[in-house]
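Heads up: the structure comes next, in structure tokens.
Please treat every number below as a calculation from the coordinates, not as lab data. It should be emphasised that the depicted structure is a prediction, and the values quoted were computed from it without experimental measurement. Cβ: placed from backbone, ideal geometry, glycine included. Neighbour counts: every protein chain shown.
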Amino acid sequence: MLLALVVVAAITGPAAAEPQIDYTRFQLDNGLDVFVIEDHEAPIVYEVLWFRVGSKDEVTNRTGFAHLFEHLMFKGSSHLPDGLMDRLLEAAGGWSNAFTSSDMTVYQNVAASNFLEQMLWMESDRLVGLLDTFDQAKLDNQRDVVLNERRQSYENQPYGLASLLLQQNLWPRDHGYHWTTIGLVADLKAAAVPDVAAFFTRYYVPNNATLVIAGDVKPDEVKRLVTKYFAWIPKAQEPARPRYKTPPPITKEIVVDSTDDVKVPRVYLAWRAPAAFTADEPALDTLAAILGDGKSSRLYKRLVYDEKIAQDVRASFDGETLAGTFDIVVTSKPGVDPKRLIKEIGEEIDKLAATAPDSKEVERAINSREASFLNSLERTLSRAILLARYDIQANDPDYFAKDLARRRAVTGPQVKAAAAMYLRQSARVTLTIRPGKKSQEKP
Amino acid sequence: MTRALSILLVLCLATPAVAENPLFGKSGISDWTKPPPPTREPTFRPPVAKRMKLANGIALLVIENHTLPIVSMTLYVPGAGAASDPTGKGGLAAYTADLLDEGAGGLSAIAIAEEQDRLGASIGVGIDTDSAQVSASTLSKTLDATLALVTKLVKQPAFADEEAERVKGDRRTSLEQRRDRPREVATIVLNGALFGPRSPYGHPGSGVREELETITVADAREFYRQRYNPATMTLVVAGDVDPAALRKQLDTGLGAWKVTGARRAAKPDAKPAKPPARLLLVDRKGAAQSDVRIGLVGPDRKDPRYFQFEVFRTVLGDGFTSRLMQRLREQLGITYGASAVMSWRVAPGPFVIATAIQTPSTATGVQEIIRMVDELAATDVPAAELDKAKLNMIRALPAQFDTNASTVAAYVDLVQHGLPDDYYAPRAACPSGCYVAAVRRVTAKDVKAIGKQIVPSPRLVISIVGDLEKIGPELAKLSLGEPAMFDLYGMPLAK
């Protein structure tokens, strides 16, 4: 077990060694970055292949394409008939999946550790030969699947179109976060085979990817096999991608009202915030915990516990590469005017912006966040993804210890300053969804 | 077996007839066409549990894992689940469990939440049909304080009137919101039809609006008194913990908790009922998809055909390569996902095929599902497909012990079903473990027999929440008989 993840003194007890995620790394001549995390706890190997492309890189009239493309990566390649990769991985006790966000597309394969070479063979085959067997039928099939994913996760969900409305209003039309990763139906329908080839050729190149192999493996053997299956793939041009300017700030509250086929109203307050791994991120995350994470949070205490005018509350900060978002979501009790919720949420923000939370409240928020952070790292796969994220987004694979340290260092005055600076009413999008007819989307 | 699927399987290791991409020539690998074989099969020994007994009868299972300074645990309380709800008071078990962390041992609900944050602990209380479970994850440094808090919750819950009223208010709103959750409604309607709508396994564990107001805090207190019996509980702890020290601490805490008048959990009186119809429908106007639940009462966990059934279920609907996923998603493109789930319970539980199908294809999807079930009862599963399912069940075993929490869950599952603690471990009779040996023994004939004996398609009951104006006419052509109708909350509508 080479994972040296030692918790230091945040909660109680003396400081131990600095925490870190142990890894070895190398880079192939074609630019592919490779990390190996050795962990022999269980005879399993995890592969994470991270491409630096997401929905922010999509072009006009093709929203949703990065995610649709992700689906196509599972439809076979030169020597892998459609479905064979899943059959091989499942027979190896594993599975295959991926996710796409505004910034990234991340593939994950899992198998018994003695299938490492087979796993790399499959990955190489689809990275080199995806287009060799690609055709219209595969595109049509996965477009249908994605349209069903959209129905299941958005259209047929209560309040399901809220995220679309928030992003549309929070970011201007010419910014990469204006649209959601799932995309618009018309754009998904317009996607064509030449789009697939162009996207693959531009973004699915070794110099735009990071590979992490984690689990019951030996770094030397990983290096030998990764070299065998990937080193001969040519380096490509650095992908030319859309560039976005920082949009002018929101200076007047944007109020959006919508309806859905739901029983009770829900309000969403959203603000732009700094990007991931910038200085104010830990204070914003602590602020979210204090305001609206769990039963000990201020909004829960006031709106759910004391006044009983809300069913649930949630506050969260989400940092991405271009910028971040701070969200507060509160579901109303039946018969409660959502305007009252909005007013009282505003009062709680004002309180925090005026008076720093005391050290006990800050300590609770930090401890609780730290514990869930550590717990999430129990999974080898989560560690692999986090390591890639540190390397790609923080430019520092050893960021783990620094990340913990900066989260622990947050003070009450910093939380107050973050509330005052970022959660201004004049800078927010205020969305209310009331019971009524399910509203139609507007592009 | 559909032609398309047979072809896929035959093609498994064949090379497609396309011109070779010249880039592969640069790899220096002479034969790209065959997957490289695996190296030697690794050995896997599941983590071993140390079993002890506390003075008051609580069984203690400890699994040491010192790789990270964290601990997970579950206190398993048999007989405190939804199946023990008194008739007409559906949701009482859930309400009782909900109240445990809403004030206990002199701490208010908020103080309990704050203490968890301070400790870096997270405590959750929940129920399933057959049990209640109090679970916690924490840092090993604060384990003692976390255990003390857990002990307060289960030993000294306050059941204060004011907190109980507030929690009831939250439950009331959640039940009002049920109409917004069509998947839940489709499941409720199906379970009601399979077991009887007010029966132990047939009523929703979260309760129904019509019965909520009859439930009082006194009911919760009495449910707690009768059903939270330390003599029948098991505490499973995994992580960075010293068994002897833990035992010592528990002796003065949880182990010193004595009660009188509590019951022993009895097997729930859960029997299959006569469904009101084969087709159960809920009209949800404007639904973009139909939420579909198709099921029947399956076997119980003690059934000797357990392994055969699990292989059958894996082939049909577990994983991406299952027949349901391949046909409904990868070939027809009419869904995002489909699966077959068996709830293994103390008494026979539901076997359910679950999916959400785009509205215009609803009848097609239902017809396909029935056809796939029939096919499994009529035709041997091809060898490659059978092997894939069995190997998956065997080789995925280590992942069950991936985290402390999942290790705890695996052991709670053994306890719940009265299986030995070393169930997955190698033994003289079966060196790679008796679980592995039992999976290996399953044959294509066995799987076919499951289809015939346990899952004959005419027994399947079909519950659908969708836009009836759009899906009704096509569904009517499936000859499923006169449907029974339910409202958006899953309650029967008068004919």
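At-a-glance table
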| item | result |
| --- | --- |
| Given charges at Cβ of Lys, Arg, Asp, Glu: the range A:88-219 dipole, positive-most of A:127, A:147, A:91 | A:147 |
| Test item: B:135-141 mean partner chain Cβ contacts at 10 Å | 4 |
| Radius 10 Å from Cβ of residue A:264, net charge of other residues (Lys, Arg +1; Asp, Glu -1) | +2 |
| Built amide H within the under 5 Å cut-off of residue A:59, gap 5+ | none |
| Partner chain coverage, peptide B:164-175 - average Cβ within 10 angstrom | 3 |
| Average projected area [Cα convex hull, the protein assembly as shown], square nanometres | 35.9 nm² |
| Fewest-first ranking of A:368, B:140, using other Cβ atoms within 10 Å as the exposure measure | B:140, A:368 |
| Cross-link table A:263/A:339; B:452/B:495; A:308/A:339; B:89/B:285; A:218/A:402, entries beyond 24 Å C-alpha to C-alpha | B:452/B:495; B:89/B:285; A:218/A:402 |
| Karplus-derived HN-Hα couplings along the range A:133-144 (A = 6.51, B = -1.76, C = 1.60, θ = phi - 60°), whole Hz, x at Gly and Pro | 10, 6, 8, 4, 4, 5, 4, 4, 4, 6, 4, 4 |
| Rounded Å value of the spacing that divides the Cα centres of the range B:374-402 and the range B:333-356 | 16 Å |
| Unit charges on C-beta of K, R, D, E only; dipole of the protein assembly as shown, Debye | 1660 debye |
| Alpha carbon centroid spacing (whole Å) that separates the range A:45-97 from the range B:56-106 | 40 Å |
| Segment residue A:26-residue A:140, length gained on full extension (0.36 nm per residue, minus Cα span) | 37.2 nm |
| Nearest-20 debye value, the range B:104-179 charge dipole, Cβ charges on Lys, Arg, Asp, Glu | 140 debye |
| Gyration tensor (alpha-carbon) shape descriptor, chain B, a/c threshold 1.5 | oblate |
| Spin-label model distance (nm) - residue B:214 vs residue B:27, 7 Å beyond Cα toward Cβ | 6.7 nm |
| Cα gyration tensor category, rounded, prolate or oblate, for the range B:361-422 with a/c compared to 1.5 | prolate |
| Lysines whose Cα lies under 26 Å from that of residue A:223, excluding same-chain neighbours fewer than 8 positions away | A:235, B:26, B:34 |
| 10 Å binning of all Cα-Cα separations within the range B:86-242, expressed as whole percents from 0 upward | 10, 36, 33, 18, 3 |
| Cut-off under 5 Å, modelled amide H: who pairs with residue B:241 long-range | B:65 |
| Cβ-placed point charges (K, R +1; D, E -1), dipole of the range B:345-495 about Cα centre in debye, nearest 20 | 460 debye |
| Charge dipole of chain A about the Cα centre (unit charges at C-beta), most positive-ward option of A:102, A:71, A:313 | A:313 |
| The range B:225-331 shape via C-alpha gyration tensor axes, a/c threshold 1.5 | prolate |
| Listed residues B:367, B:436, B:346: farthest to the positive end of the dipole of the range B:285-439 (Cβ charges) | B:367 |
| Two-site FRET efficiency, residue B:438 against residue B:300, from Cβ-Cβ distance with R₀ of 22 Å, rounded to 0.05 | 0.85 |
| Percentage relative contact order, the range A:293-443, counting C-alpha pairs under 8 Å, at least six apart | 20 percent |
| Vicinal HN-Hα couplings computed from phi for the range B:251-257 (Karplus, 6.51 cos²θ - 1.76 cosθ + 1.60; Hz; Gly/Pro x) | 4, 9, x, 4, x, 8, 8 |
| Compactness of the range B:128-197 as Cα Rg over 2.2 N^0.38 Å, two decimals | 1.60 |
| Binned Cα-Cα distances of chain A, short to long, each 20 Å bin given as a whole percent | 23, 53, 24, 0 |
| Eligible aspartates and glutamates near residue A:245 by straight Cα distance, threshold 18 Å, same-chain separation 8 or greater | A:57, A:58, A:103, A:174, A:320 |
| Label point at residue B:260 placed 7 Å out along Cα→Cβ; residues across the range B:219-243 whose backbone nitrogen lies under 19 Å | B:222-232 |
| Contour excess over end-to-end distance, with Cα ends at residue A:218 and residue A:245 and 0.36 nm allotted per residue | 5.3 nm |
| Against the rule of thumb 2.2 N^0.38 Å, how large the Cα Rg of the range A:152-294 comes out | 1.47 |
| Relative contact order of chain A, pairs being alpha-carbon contacts under 8 Å that are 6 or more residues apart, as % | 20 percent |
| Theoretical ellipticity at 222 nm over chain A - DSSP helices of four or more residues, -39500 (n - 2.57) apiece, nearest 500 | -11500 deg cm²/dmol |
| For the range B:255-314 versus the range B:118-138, the gap between their alpha-carbon centres in whole angstrom | 22 Å |
| For the range A:428-441, Karplus couplings with θ = phi - 60° (6.51, -1.76, 1.60), whole Hz, Gly/Pro x | 10, 9, 10, 10, 10, 10, 9, x, x, 6, 4, 7, 7, 6 |
| Relative contact order (%) - criterion: Cα under 8 Å, at least six apart; region: chain B | 20 percent |
| log₁₀ of I(q)/I(0) at q = 0.16, 0.18, 0.24 Å⁻¹ - the range B:37-96, Debye sum with one point per alpha carbon | -0.80, -0.87, -1.03 |
| Residue B:225-residue A:376 FRET efficiency (beta carbon distance; Förster radius 41 Å; 0.05 resolution) | 0.60 |
